[in-house]
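Data block below; observations after.
The values are calculated or read from the model by the stated rules, or taken from the named source; none is laboratory data. The model shown is predicted, which means the values in this text are computed figures rather than measured ones. In this analysis, Cβ positions are derived from the backbone assuming ideal geometry, glycine residues included, and neighbour counts consider all displayed protein chains. Areas reflect the complete protein model, heavy atoms only, side chains present, ligands, DNA and RNA absent. Shrake-Rupley method; radii C 1.70, N 1.55, O 1.52, S 1.80 Å.
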Amino acid sequence: MAAKRWFALSAVAMSVLALTGCAFGGSGGAQNDVPHDAVSGGQTLAEMRESLESIPGIVVSDIAGGDKPNVKGNTGYAVGLEVEPGFAIADGAALVDFVVASVWSVREGYMPNARIDVRVRTSSSGGFDVAAAAAQAGWARDSTSSPSPYSTAAIDLMEDKDQGAQNRERLGSWPGDVPEVPTGVTVQE
């Protein structure tokens, strides 16, 4: 079990590095164009983690991101969630809405401008498809639902892409308001 968890955490970290395309190096010019460390508004990363874990049956396995943009000026976040045994996701769209709005409200570090990855692992017999939930919530293009024990969704934030531009408009100014923790996201099996 520890090896699986380590592999999952490594996969999240590697995808964030791939997303940002090596967050090291460069002249810093692209970094200066991305807002960071807002003096007010939003919430801290620790507060976001606490609010995500206040949903019954949800444990945050990893949060990565907010780092300096890569040489192309891209930065993003990856949030890994685990659904505890005995719980299942009842409202996937509400979960994705909450995660995306929560990440957008983090005032520490750099504003995500490339994408937000959401990963969900569940032991529920019915599985879960976070990509289908993201599409249902309007954050991603339509997706054929294929529930499984581990699923991922990429929420595009790049303004030069249609979906990314729509998502950025929907999110508003950064850091966004701290969203209220939704109810009814999970149910006990």
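Can you tell me the dipole magnitude for segment 47-155 around its Cα centre, using point charges on the Cβ only (Lys, Arg +1; Asp, Glu -1), in Debye to the nearest 20?
On the way: 8 positive and 13 negative charges, 86 e Å.
Here segment 47-155 has a charge dipole of around 420 debye.
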(request) Round to the nearest 10 and report in Å² the accessible area of ARG49, as given by a 1.4 Å probe over the protein chains' heavy atoms. (result) 90 Å²
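Evaluate 2.2 N^0.38 Å with N set to the residue count of segment 59-185, then give the Cα radius of gyration divided by it.
Its radius of gyration relative to the 2.2 N^0.38 Å reference: 1.02.
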(message) Normalised by the empirical 2.2 N^0.38 Å for globular proteins, what value does the Cα Rg of segment 123-165 take?
(response) 1.28
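Where does each of 80-91, 144-155 land if you order them by average Cβ count within 10 Å, highest first?
Working: 80-91: 18.6, 144-155: 16.7.
The most tightly packed comes first, giving 80-91, 144-155.
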(message) Net charge around GLN136, counting only other residues with Cβ within less than 13 Å of its Cβ (Lys, Arg = +1; Asp, Glu = -1)?
(response) -3
(request) Keeping the other protein chains in place, figure out the carbon and sulfur percent of the accessible area of segment 137-185, with a 1.4 Å probe. (result) 44 percent
